[in-house]
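Chemist: Quick one: this structure, given as structure tokens, is what I'll be asking you about.
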């Protein structure tokens, strides 16, 4: 802790929380559980289905390109790709339904959670955080130590962007899956809109959420490099968490709810197995990131070149 | 007359009948396989025979023998279509106006039904009614020496290019649809030009008999898409997203999408690039900062 604190410059560092006595209800529970098993499984299935959707959808969007035609051959042609795409879409829709159920539970059960301090809803503090970060980026100030509660501004932004994106993709995808049913209610031009939105939304999701945002913040941001393990392991050491999200830590200590989210670290053997899996996932993620980044650069260059 | 003489006479008559009946058949067989066509190919299989201009298009005088043999029509005499041509250097009398005549009669001799449909079509009217030399007749779509069956995958694959020679813009917008994209990716069962517009009897949308007229378009879509309604068919197939002239609404949506993507990519790109850059400069990666 000490070495980290000396690295932090700027006024924000003054608000570093003073370490409080941890009211450990169960001995050995030294880790903060950031994500439940349910959330991590949903994340896993979204990750798999998203990648599958991208890999089976993008070659169709760029069907005039040689790489797309080659890749389409590898995955067994358009009809095959369409089937895999729809199958992956069902998995993603299931994840969305799970998430909706989860939100409903939050809204009903834990009153005040939605608008409270641990909220996903952007607020004034997020604006201040973004401003401080941009100030640091352009060299106007030293590196801020963000006083985060449960979610940082970049996580909130991504959450809402992804929510809007997945809604649009599911709705437009369903329209194209059932065009006869859709045109019973809407005029035919709705299918043209669906194509534009599905195709543009796919590029947006892939480029913005994956290349420029999610992968960056989960893997390549200096604090997380090479991978933020919270979504993978579920928990992270309490000190680390208290440093990263001081407001939530303080709040939980104040409210006496900290021991609700404290868990024991995983066993040595399990850690070893997990580490192998972890390196595989990280390697694959970084490889995909490089490929997607090259792809988005190529799209951007083409787009600019089209004027 | 004794029995022997009677049997001999019968045999003679039988033999004579066989010879009389079989001789022309044999002669025809001979002429088709080796005779007249061989004499044409004596010259026309040479690769350096030069070119002529037919209907404004420069064409080689050399006939690709393999292509010709593979085609359905290799059993026909050359002169079945090249009527009046003699096996020697062709005179102006043979050549002049032959193409204009042949494109109307050469195919219709055998394919009368198809030709009747074509005659009533938009294309047929252009050729025969308006004497438009650019409009397609049989050979422009089916080819000439290398005609292949319309059931063959090669023929189906060539349809887009075939129509695109004149309808360039339409084949471009077609390739922007799911049909076009998957057709180009090798899904040959996907609808291509002729599946919606018909083939021999193509009519403009304004004609009630057209496959894509208001009255018929739902049925045309319904060939593949069960329960397709007129509203289903009002989907804009040939829409160019890059220009407002095609459809102002689709263009607006496309443009707003492009702007949104450009804006968010720019913001996201700058944000993560600067984050990365600052992290590198301040040595955060080297220290394993968490």
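Just so you know, all these numbers are worked out from the coordinates, no wet-lab data involved. What you see is a predicted model, and the numbers here were worked out from it, not measured in a lab. Cβ atoms come from the backbone with ideal geometry, glycine included; neighbour counts cover every protein chain shown.
Chemist: In whole percent, what relative contact order does chain A give with Cα contacts below 8 Å and a gap of six or more residues? All intermediate terms of the calculation are to be shown ahead of the outcome.
Modeler: Values: 262 pairs, mean separation 90.1, N = 307.
About 29 percent, as a whole number.
Chemist: Using only the alpha-carbon atoms of the range B:243-290, report the extent along each of the three principal axes, biggest first, to the nearest angstrom.
Modeler: Taking max minus min along each principal axis of the Cα atoms, the range B:243-290 gives 57, 16, 9 Å.
Chemist: Between helix B:248-281 and chain B, what is the angle of the helix's C-alpha long axis to the longest principal axis, kept within 0 to 90° and rounded to the nearest 10?
Modeler: Between helix and principal axis, roughly 50 degrees.
Chemist: Treating the Cα atoms of chain A as identical point scatterers in vacuum, please give the log10 of the normalised Debye intensity I(q)/I(0) at q = 0.07, 0.16 Å⁻¹, two decimals.
Modeler: Debye intensities relative to I(0), on a log10 scale: -0.34, -1.50.
Chemist: Can you tell me which of B:59, B:170, B:133 moves the most in a GNM of chain B? Springs connect C-alpha atoms under 10 Å apart.
Modeler: The residue with the greatest mean-square fluctuation here is B:59.
Chemist: If you fit an axis through the alpha-carbon atoms of helix A:124-137 and take the longest principal axis of the Cα set of chain A, what angle between them do you get, 0 to 90°, nearest 10?
Modeler: That helix lies at roughly 80 degrees to the long axis.
Chemist: Here's another thing I want to ask about it. Below 8 Å between Cα atoms, with a sequence gap of 6+, how large is the relative contact order for chain B in percent?
Modeler: Details: 220 pairs, mean separation 28.0, N = 290.
Value for chain B: 10 percent.
Chemist: Moving to a separate point now. Mind checking the angle between helix A:153-177 and chain A's longest principal axis? C-alpha axes, 0 to 90 degrees, to the nearest 10.
Modeler: 20 degrees
Chemist: Now a separate question. Considering only A:162, A:89, A:290, give the residue with the highest GNM mean-square fluctuation for chain A, with springs between Cα atoms whenever their separation is below 10 Å.
Modeler: Per the Cα network of chain A with a 10 Å cutoff, A:290 tops the list.
Chemist: Bin all alpha-carbon pair distances of the range A:134-234 at 5 Å intervals from 0 and give each bin's fraction as a whole percent.
Modeler: 2, 11, 15, 17, 14, 11, 9, 8, 6, 4, 2, 0
Chemist: Sticking with this structure for a sec: Expressed as cubic angstrom per residue, what is the convex hull volume of the alpha carbon set of the range B:149-238? Could the numbers behind the result be given before it?
Modeler: Working: hull volume 9.1 nm³, N = 90.
Spelled out: Cα convex hull of the range B:149-238, divided by residues, is 101 Å³.
Chemist: Across peptide A:201-211, what mean number of C-beta atoms from other chains lies inside 10 Å of a residue's C-beta? Don't skip to the end; give the middle numbers.
Modeler: Working: counts 3, 0, 4, 5, 0, 0, 5, 8, 2, 0, 4.
Average neighbour count from other chains, rounded to a whole number: 3.
Chemist: So which residue, out of A:196, A:263, A:210, gets the largest mean-square fluctuation from a GNM of chain A using Cα contacts under 10 Å as springs?
Modeler: Answer for the Gaussian network model of chain A: A:196.
Chemist: What translational D, rounded to a whole number of µm²/s, comes out for the range B:197-290 from Stokes-Einstein when the hydrodynamic radius is the Kirkwood one over Cα pairs, at 10 °C and 1.306 mPa s? All intermediate terms of the calculation are to be shown ahead of the outcome.
Modeler: Working: Rh = 18.0 Å.
Here the translational diffusion coefficient equals 88 µm²/s.
Chemist: So for the range B:149-238, averaging the separation of alpha carbon pairs under 8 Å that are six or more residues apart and normalising by length, what relative contact order in percent results? Spell out each step's value before the answer.
Modeler: Working: 80 pairs, mean separation 16.4, N = 90.
Once normalised by length, the contact order is 18 percent.
Chemist: Largest first, please: the extent of the C-alpha atoms of chain B along each principal axis, to the nearest Å.
Modeler: Taking the Cα atoms of chain B, the three principal extents are 126, 53, 50 Å.
Chemist: Once you put a point 7 Å from the Cα of residue B:53 and another 7 Å from the Cα of residue B:76, both along the Cβ direction, what distance in nm separates them?
Modeler: Reported label-point gap for residue B:53 and residue B:76 is 2.7 nm.
Chemist: When every alpha-carbon pair in the protein assembly as shown is counted, what percent end up more than 37 Å apart? The partial results should precede the final answer.
Modeler: Values: 97835 of 177906 pairs.
Counting every Cα pair in the protein assembly as shown, those more than 37 Å apart make up 55 percent.
Chemist: Another question, if that's okay. Take peptides B:73-79, B:227-233 and line them up by average Cβ neighbours within 10 Å, highest first, as a rough protection proxy.
Modeler: Details: B:73-79: 15.4, B:227-233: 17.6.
Ranked by mean Cβ neighbours within 10 Å, highest first: B:227-233, B:73-79.
Chemist: To continue, here is another question. Which distance in nm do the two modelled labels at residue B:60 and residue A:269 give, with both placed 7 Å along the Cα-to-Cβ direction?
Modeler: Rounded to a tenth, the inter-label distance reads 7.5 nm.
Chemist: Taking the alpha carbon gyration tensor of the range A:35-114, what are the square roots of 5 times its eigenvalues, largest first, to the nearest whole Å?
Modeler: Values: eigenvalues 250, 21, 20 Å².
Output for the range A:35-114: semi-axes of 35, 10, 10 Å.
Chemist: Could you tell me the center-to-center distance, by alpha carbons, between the range A:93-147 and the range A:169-196 in angstrom?
Modeler: Cα centres, the range A:93-147 to the range A:169-196: 33 Å.
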